[in-house]
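Engineer: Next up is a structure, given as structure tokens.
The values are calculated or read from the model by the stated rules, or taken from the named source; none is laboratory data. Predicted model, so just to flag it, every value in this text is computed and none were measured. Virtual Cβ from ideal backbone geometry, glycine too; neighbours counted across all protein chains shown.
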Amino acid sequence: MAEAGSPTRPRRAMGFRDLVLFYIVTGISLRWIATAATLGASAVVVWLIAWCAFYLPLAFSVMELSSRYPQEGGLYVWSKHAFGEFPGFITGWTYWASNLPYYPAILYFTAGNALYIGPAHWQSLANNRTYFLLFALCGLALATFLNLIGLSVGKWLHNLGAIGTWLPIAILIGIAFIAWHRFGSATHFFTATMIPRTHFRDILFWATIVFALGGSESASFLGGEVHNARKNLPRGLLAGGVFVTVGYIAGTIAVLVSLPASQMNGLEGIMQAITRSADRIGLVGIGATAALLITVSNLGALGAWLAVSARLPFVAGLDRYLPAVFARIHPKWGTPYVALLVQAAMGAVFIVLGQAGTSVYGAYEVLVSMGIISYFIPYLFVFGALIRLQREPAGPGVIRIPGGKPAATALGVLGFTTTLITIGFSVLPAPDDPHQLLAVVKIVGLTALLLALGVVTFVWGKSRAAREAAPPDFET
């Protein structure tokens, strides 16, 4: 691990305020508000169930583990301490790999909403695969470049993204209130309508909602660049968690007040709610403003996740599991530029692969499902590490979960179980996918390929490191 005070890298670039905004931009994705709203009034109850079964255990786990090990690397470091080198590497590898399908997925969502910035005829591009492909590639290039400059500058994009996340929610809530006052709610919130349905399609959506509540661990990867990380990481998580929870639930209610669930889709639902509701109450032009904010929000989120996941190959390079080139930092900007560029190149490959043999919306669904599986595998190790590390004494300054070891173990078991169930549901494609077999093959096949590449990379890295460390064998 690099020295915390290394003169070659900028340190302590993020304070408490930056952390709160970082947790907001990585914790809230506006696309999940629209996705959740397709469940109807029962989405509110599903949010609360997912919050209790997953978000709360994860937030408490991250709070204690980041307090125990606040250094750069996050869950990679926690898993390595709890289970050893190979589990630690696989935890970091799958987490890093999960961002590869995440980038095109969030960029497709951004591209769909960006069409609302311009005049009505821009909507003709809504099913244009070339437009979505080019938008995704350009967006990835922009976010990568800004991250190459470093967190001291890049954090302002993240902060702007957090503001761009909450302003559309606030706009939607305001519009929904006026629409409700004039016309009533488009969705009826009765006891009968709020009971979660157990149809196959609805259960599949539950996995997506659980996925939406991930991100509590994000800032822990940047521990080396956070001022007073042991104190500020848990505090920032708690403060940011309030905004995440309120934003998702309030945003979903506002969408459902504005539009019935049957009139929304996961790619553009929130913009549909804003534009149609704004037209109903006579607010001309608000849709374009909201679309611009949503675009900025998602580009900020993309930039934040690029900053997070690039630290994994960087730390693995320092630990010699990956070639030493991944540990290089830019001589001017002090950023892990090799890790960022390789990550961007792989993301571009996934943008192209995601469009192979399916529609725009089908590609979006495949990428989301694959991202859930590879993203949730590391959470199994996080909850397992929380349980296992309870045997170690907590040092001074460590923030423990209220209730001590029994409570930590119970939360770890609950989070582990929820994660395992979510992974199982994520393998199944949407019932209306026209190419269901192809979708399953792509989801399972690509996930298996990522895991196999991780195993090969670890074995090759260990072998290479052993050869480099071995003394020269001189012939006599």
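Engineer: Any chance you could count how many residues in region 169-192 are more than 30 Å from the chain's Cα centre (by Cα) and not charged (D, E, K, R)?
Structural biologist: Going through region 169-192, the residues more than 30 Å from the chain's Cα centre (by Cα) turn out to be 178-186, 188, 190-192.
Of the ones still in play, those that are also not charged (D, E, K, R) are 178-181, 183-186, 188, 190-192.
So the answer is 12.
Engineer: Any residue in region 130-154 that's closer than 18 Å to G112 by Cβ and at pLDDT 85 or above: show its pairings with residues that are in a helix (DSSP H, G or I) and of a type in the set (F, W, Y) at Cβ separation under 6 Å, as long as the two are six or more apart or on different chains.
Structural biologist: Listed pairs, sorted by first residue: F132/Y108; L140/Y103.
Engineer: Now for a separate question. When you scan region 288-309, do you find a residue that is of a type outside the set (S, T, N, Q) and either modelled with pLDDT under 80 or not in a helix (DSSP H, G or I) (or both), even just one? Don't jump to the end; show me each part of the working.
Structural biologist: Of region 288-309, the ones of a type outside the set (S, T, N, Q) are 288, 290-294, 296, 299-308.
When the remaining residues are screened for being either modelled with pLDDT under 80 or not in a helix (DSSP H, G or I) (or both), the result is none.
No: region 288-309 contains no residue that is of a type outside the set (S, T, N, Q) and either modelled with pLDDT under 80 or not in a helix (DSSP H, G or I) (or both).
Engineer: Let me ask something else about it. Would you say L318 is of a type outside the set (K, R) and modelled with pLDDT of 80 or more? Lay out the reasoning, then the answer.
Structural biologist: On the way: of a type outside the set (K, R): yes; modelled with pLDDT of 80 or more: no.
Considered against the rule, which asks whether it is of a type outside the set (K, R) and modelled with pLDDT of 80 or more, L318 comes out as no.
Engineer: Residues that are crowded, with 20+ Cβ neighbours inside 10 Å, modelled with pLDDT of 85 or more and within 30 Å of G415 (Cα to Cα): does region 256-263 have at least one?
Structural biologist: Yes, because at least one residue in region 256-263 is crowded, with 20+ Cβ neighbours inside 10 Å, modelled with pLDDT of 85 or more and within 30 Å of G415 (Cα to Cα).
Engineer: For region 85-121, give me each residue that is free of Cβ contacts under 8 Å to residues at least 12 places away in the same chain and among the aliphatic types (A, V, I, L, M).
Structural biologist: The one that is free of Cβ contacts under 8 Å to residues at least 12 places away in the same chain and among the aliphatic types (A, V, I, L, M): A120.
Engineer: Take the residues in region 77-116 that are among the hydroxyl-bearing types (S, T, Y) and within 15 Å of A307 (Cβ to Cβ); name whichever of them is surrounded by the fewest Cβ atoms within 10 Å (Cβ to Cβ).
Structural biologist: Y102
Engineer: Right, something else. In region 103-127, how many residues are more than 18 Å from T35 (Cα to Cα), among the polar types (S, T, N, Q) and at pLDDT 85 or above?
Structural biologist: 1
Engineer: Here is a follow-up. Given the conditions (1) hydroxyl-bearing (S, T, Y); (2) farther than 20 Å from Y69 by Cβ; (3) crowded, with 23+ Cβ neighbours inside 10 Å, report the number of the one that S216 does not fulfil.
Structural biologist: Among (1) hydroxyl-bearing (S, T, Y); (2) farther than 20 Å from Y69 by Cβ; (3) crowded, with 23+ Cβ neighbours inside 10 Å, S216 violates only (2).
Engineer: Any residue at all in region 445-462 that's hydrophobic (A, V, I, L, M, F, W, C), touching an Asp or Glu at 6+ places or on another chain (Cβ under 9 Å), at pLDDT below 75 and surrounded by 16 or more Cβ atoms within 10 Å (Cβ to Cβ)?
Structural biologist: Checked against the condition, which is being hydrophobic (A, V, I, L, M, F, W, C), touching an Asp or Glu at 6+ places or on another chain (Cβ under 9 Å), at pLDDT below 75 and surrounded by 16 or more Cβ atoms within 10 Å (Cβ to Cβ), region 445-462 yields no hits at all.
Engineer: Right, here's the next one. Can you pull out the helices (runs of 4 or more DSSP H) entirely within region 27-117 that have at least 2 residues that are closer than 30 Å to A170 by Cα? Talk me through it step by step, then tell me what you get.
Structural biologist: On the way: elements: 30-37, 42-50, 56-68, 75-83, 85-114.
Hits in region 27-117: 30-37, 42-50, 56-68, 85-114.
Engineer: Counting only residues that are surrounded by 14 or more Cβ atoms within 10 Å (Cβ to Cβ), of a type in the set (A, V, I, L, M, F, W, C) and part of a loop (DSSP other than H, G, I, E, B), how many does region 166-209 have?
Structural biologist: Adding up the residues that qualify gives 2.
Residue by residue, here is whether (1) of a type in the set (F, W, Y); (2) closer than 20 Å to T144 by Cα; (3) modelled with pLDDT of 75 or more holds:
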residue: A327; (1), (2), (3): no, yes, yes
residue: W333; (1), (2), (3): yes, yes, yes
residue: L340; (1), (2), (3): no, yes, yes
residue: T358; (1), (2), (3): no, no, no
residue: Y361; (1), (2), (3): yes, no, no
residue: E365; (1), (2), (3): no, no, no
